[in-house]
Every structure is written in C-alpha cells, then in structure tokens.
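The values are calculated or read from the model by the stated rules, or taken from the named source; none is laboratory data. Note that the structure is a prediction, hence the values are computed from the model and not measured. Because the Cβ atoms are built from the backbone with ideal geometry, glycine has one as well, and the counts that use them run over all protein chains shown. Note: accessible area is taken over every heavy atom of the protein model, side chains too, but ligands, DNA and RNA are not part of it. Shrake-Rupley method; radii C 1.70, N 1.55, O 1.52, S 1.80 Å.
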Amino acid sequence: SPAAATATAATPETFNFPKDREGFAAWYDNIMTFADIVDRRYPVKGMPILKPYGYFMHNQIMKFAEQEWESQGIQGAQFPVLIPADFLGREKEHVKGFEKECFWVTKGGENDLETKCALRPTSETAMYPMYALWIRSFRDLPLKMYQTNSVYRYETKDTRPLIRVREIPWNEGHTCHATAADALDCLEQAWGSYTRMTRDLLGFTGVRIRRAVWDKFAGSEHTDVLDTIMPCGRVLQAVGAHYLGQKFARVFDIKFLNKENAWEYAYMTCFGISTRILAAALAIHGDQKGLVLPPMLAQKQVVIVPILVGKKTSYEEVINKAKEYRDVLMRAGIRAYVDDTPSSPGEKFYYWEMKGVPLRMEVGPRDVQNGTCVVVRRDTGEKSTIQGADVAAACRAGLDALLANIRAKGLEFHRTHITTCNTVEEMVHAIQVVGGFARIPFHSMGMEAKVSDERVHELCGGEVRGFSPAEEVPAPGTLCIITGKPATVWAYVARAY
Ligand code: PR8
C-alpha cells in the first residue's frame, strides 16, 4: 500500500497490531517495515530491498538448504541469468507456463541482441542444454546441482514482500537419474530436508499436496507442494518439488548409454524454495507485539540489557558484567548482544520484543552483587533468575524450550485449520469462517475436473489445491460434493496467496 511504502521505522512502542484473521494483512505489512526486514521504497514494483535483518534470516534458510544438498551429493554451481528465447521455448508446456511471466532482454547498449533472452524465471532451460553436453553414460549419473540465486517473474497478481515478488531470492535443485525410481527417491530425500527445515527448525508445517493436472509445474509429470496455512486463513505454497520424468530430457536431448549399452533419456527432478519460507515462519509465530523468532533465524538470540539504576554498583561494573555474559554465550555458540545504547530499559524491551529476539537478559546492580541475571522468554514472557555460572546452559535450554513451544503452537494452528467436509455448506463454512483447508470428497484430479474447480471457486471463493497421495481414498459409495459423481480423492480446497 502507498502508506506502507512511505512509512519509516516508527518508534517500537507503536507496534501493536492484532495478528488475527482480519488483522493479519496489516500486521504483516507493518512488521516488514518496523522490524526493518525490507524497504519497499525502491521504485520497481515487486523488488523490495531485503535489509540486513531480513537478509540474515533468509540467508540462514539458504545456508541450511545448501548444507542439506551437499550432504546428499547435490553440488553448488552458477548458471547464467539470461536464457535465449529458443531454449526457453523447447519444452512446449514449460514455455506456455512461463512466457507471459518473463522479463525480456532485447538490447545491449544501442544494439539489438542477436537472440532475444529472458531473465531466468527458473533455471531448467539454462541448465539442461548444458546437462545434455555433460551426460554420456550411466556412469555420469546421477548428476545433481543446486543454485542459490534470484529468478525473475513478471507477476501480475498483487506483489507482497517475501510472499510474491518479481525478483525472487531462492534456492533451486535440478537432478538427473538413470531410473525413475532413483529420481523419485531423490525427491523424497529433498522432502526430508524441507521437513527438517520447516517443521523441526522453523516450527511450522503445511500439507504436502499433489497438484491437480491443470495446476502442475509447467513441463512436469507431477508437482508436489507444501501449502502452509497463514494466519489470515489463506494458504501459501512454500515449497515446490517436481517430478519431470523424461519430458525435459527428450527436448534437451539429455541421454545416456545405459548398462545394456542402449541410449536412454534421463529421469529428472527439480525443487525449490524462496523467501516464502521466511514469510511463513515470521507470520505463523509472530504476535501482537511483533516477531517471535525461531532461534535459527535470530541474528541476536539473546539481547543483554544492562539496568543502570541506583548507586549500589558503578555503571562500569554492570556493563562489564553484561559483556562478560555476552562473551560466555558467544563462546557457547549463542549469538548474544549487549544493548548499551542510551535508551531506557523499557524502550529497549519493547524494541527487541518487536524484533522477535528469543531471549532477553537483564543485568542490574543487584545481579552484579549476587552473581545472577534475569532471563525473559519472548514467547511466554516467563522470567527466571539464573546463576552467573549457568548462563550458557540456561540460555541454550531457554532457546530450545522456546522453539519447542512455538513449534507446538504452529503445528496446532495447522491441525485445527483443516476441516473435513461432507456437504457444500460445510465447505463454505470451513473456507469463509474457519479459514485454512476444507477437505472434500471429489471426483477427479484429471483435466475433466477443471470445471468442478471453477464451481468450487464460485461456491466458496477457494480453489482445489490438489490431493495428498499419502492419504486413503474416500470409502466406496462416497459421492463428490460438487458433481455427485463417485468420489475418487479427498481434495484440499483453500483460498490461496
Ligand atoms: C520451480 N524449478 O520453479 P516453483 N515470490 C516468492 N516466491 C515465489 C514466487 C514469487 N513470485 N514464485 C514462486 N515462489 C521449479 C523448482 C526450479 C525449482 C516460490 O518451482 O514454480 C514458491 O514457494 O514451484 C514455489 O513453490 C517455489 O518458489 C519454487 O517455484
């Protein structure tokens, strides 16, 4: 919004936005600016600046992904941002899906380029012509690479920081295998990494959904996503992992001599995450006072506030004690920071609460005398007095307890926003009143069900997001609540970002 775009970081005391269904949009808009995550004033639509506080968090997520990939033999590489139109156009479904979303480069200085190029909207068509040159035999497989970079999509829907941008900071993996089973297994391993990241470290989840045929990634055999329920009740596709089969291999001629000495096309996968992972983590755990950060995302995990009142101990002694605790924490691998700026303790408390710092430590003159300090949890406000010798262990335990608590709340929010519905009325109620997913008996995920998806939209404002292949199908005799035909799947319906 124009107001948000011109807002500057206001005083932290004024951050007071309810994060309920109605309030969420304003909460999100404001926390982006107040917490200094992005600056939207750059004058190109969909290209906000990721400021250091936000960049640190995004980068933590990217680094975790990279570690996971390295441990699975997926290697980092860097491919060009420009993709010749001809490459982009090889796979017909792919180009159909992306050409309207591309930024096109046609000139270098005053000269027309020999070939018009797209800024990569995703890197399949930059990487796969090269894969074709590198793969000759089954010995060259699997070939697995990732990139941490930005892709560019001319999004026409409303843009929103981290959630829908036109320059998308992300991490993408692209793999080639000798068999379909191997490719599918690689996708399962990637899901393992995404689950460790989202559920274990960031404390949120979603439904792993297979998209309907009309909604899959352009050029894939099938698409699995993690659709995460946001506080407003809409869902956000936070992960996309696609089985490409041999479709791209055929058009880019990625083939290998198999063990029987016959040419065969490679079986391929790709998977990716963006700043949406960060958006979901911030949205799900924040509260009326601001952010509540999972420890992994916190640039400052413990902020130490020296309380400089009374005359029992000198200023110097309190500050020195605070710095001593900071050093102990840093040596224990905890990111600690002493806020010795001239603001009042109260101002500092509000400010760091708004910034989502997991633990606050207070050190006052009495603490110096007693050899203690006070530690306060951001998520519960719980205070405990700690012996100086125990600060590292106590803060470690506090960070773990905070993560366990916000994770439990995050998973509970998810669980309570999936409603199984047996009538249209129940579906309308689930979408419009409860929020999240309505799970409905549905007749098909094939092309013939596209009209039923449109009907769902007319009825409740939501859309069919897909189905969960891991789930049992509806009992025999169950009817689709949209068409009255026999139900073959449980469809997940939601309003989406
Ligand atoms: C692929 N190819 O491209 P995907 N702003 C922020 N995040 C976004 C945006 C956007 N405008 N668009 C998509 N994402 C495959 C896999 C290489 C990697 C996020 O897949 O189109 C979404 O979370 O699904 C999406 O699931 C993810 O990027 C990957 O994009």
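If R0 is 22 Å, the Cβ-Cβ spacing of E167 and K100 corresponds to a FRET efficiency of close to 0.80. Restricted to Cα atoms, the stretch 53-133 shows a radius of gyration and a Dmax of 16.0, 46 angstrom. Among beta bridges from DSSP that stay inside the stretch 298-400, the antiparallel ones total about 55%. For the chain, the dipole from Cβ point charges (+1 on Lys and Arg, -1 on Asp and Glu) about the Cα centre works out to 500 debye, to the nearest 20. Return the FRET efficiency for the residue pair N59, E425: r is the Cβ-Cβ distance, R0 is 51 Å, and the value is rounded to the nearest 0.05. According to the calculation, E is roughly 0.65.
Our summary of shape: the Cα atoms of the stretch 418-494 have principal axis extents of 29, 23, 20 Å, ordered from largest down, in whole angstrom. Panel values: the stretch 368-436, Kirkwood radius from alpha carbon pairs, Stokes-Einstein at 25 °C and 0.890 mPa s, translational diffusion coefficient 161 µm²/s.
Over the stretch 9-160, the hull volume per residue, using the convex hull of the C-alpha atoms, is 182 Å³. Taking only the C-alpha atoms of the stretch 2-285, Rg followed by Dmax gives 20.1, 71 Å.
A 1.4 Å probe run over the protein chains yields, for the stretch 298-400, 48 Å² of accessible area per residue, whole-number rounding.
Normalised radius of gyration for the stretch 298-400, please: alpha carbon Rg relative to 2.2 N^0.38 Å, two decimal places. That works out to 0.96 for the stretch 298-400.
Using alpha-carbon positions, what is the distance between the centroids of the stretch 225-257 and the stretch 423-448, in Å? Cα centroid of the stretch 225-257 versus Cα centroid of the stretch 423-448: 23 Å apart. In a simple Cβ point-charge model (Lys, Arg +1; Asp, Glu -1; nothing else charged), the stretch 351-497 has a dipole of about 360 debye relative to its Cα centre. Each label was represented as a point 7 Å from its Cα along the Cα-to-Cβ direction; for A393 and Q369 these points are 2.7 nm apart. Between D158 and S71, the simple spin-label model (points 7 angstrom out along Cα→Cβ) gives 3.9 nm. I'd like the FRET efficiency for E22 and M330, computed as 1/(1 + (r/R0)^6) with the beta carbon distance as r and R0 of 45 Å, rounded to 0.05. The calculated FRET efficiency here is 0.60.
Ordered by solvent-accessible area of protein heavy atoms (1.4 Å probe), largest first, the residues D227, D39, D112 come out as D112, D39, D227. For the chain, the 222 nm mean residue ellipticity estimated from helices alone, with every DSSP H stretch of n ≥ 4 adding -39500 (n - 2.57) and the total spread over all residues, rounds to -10000 deg cm²/dmol. Compactness check for the chain: Cα Rg over 2.2 N^0.38 Å is 1.10. Taking 18 Å as the limit for the C-alpha separation, the pairs K289/K355; K216/K247; K96/K144; K450/K485; K289/K321 exceed it in the case of K96/K144; K289/K321. With θ taken as phi - 60° and the Karplus curve 6.51 cos²θ - 1.76 cosθ + 1.60 applied, the whole-hertz 3J(HN,Hα) list for the stretch 282-292 is 5, 5, 6, 9, x, 9, 4, 8, x, 7, 10 Hz, x standing for glycine and proline.
Distant-in-sequence amide contacts of L244, defined by a placed amide H-H separation under 5 Å and a gap of 5 or more residues or a different chain, comprise E221, M268, T269, C270. Set Lys and Arg Cβ to +1 and Asp and Glu Cβ to -1, take the dipole of the chain about its Cα centre, and tell me which of F79, F17, I431 lies farthest positive. Working it through, the farthest residue towards the positive pole turns out to be F17.
Among bridges DSSP assigns within the stretch 418-494, what percent are antiparallel (round to 5)? Counting DSSP beta bridges with both partners in the stretch 418-494, the antiparallel share is about 75 percent.
With θ taken as phi - 60° and the Karplus curve 6.51 cos²θ - 1.76 cosθ + 1.60 applied, the whole-hertz 3J(HN,Hα) list for the stretch 131-145 is 3, 4, 6, 8, 9, 10, 9, 4, 5, 7, 10, x, 10, 9, 9 Hz, x standing for glycine and proline.
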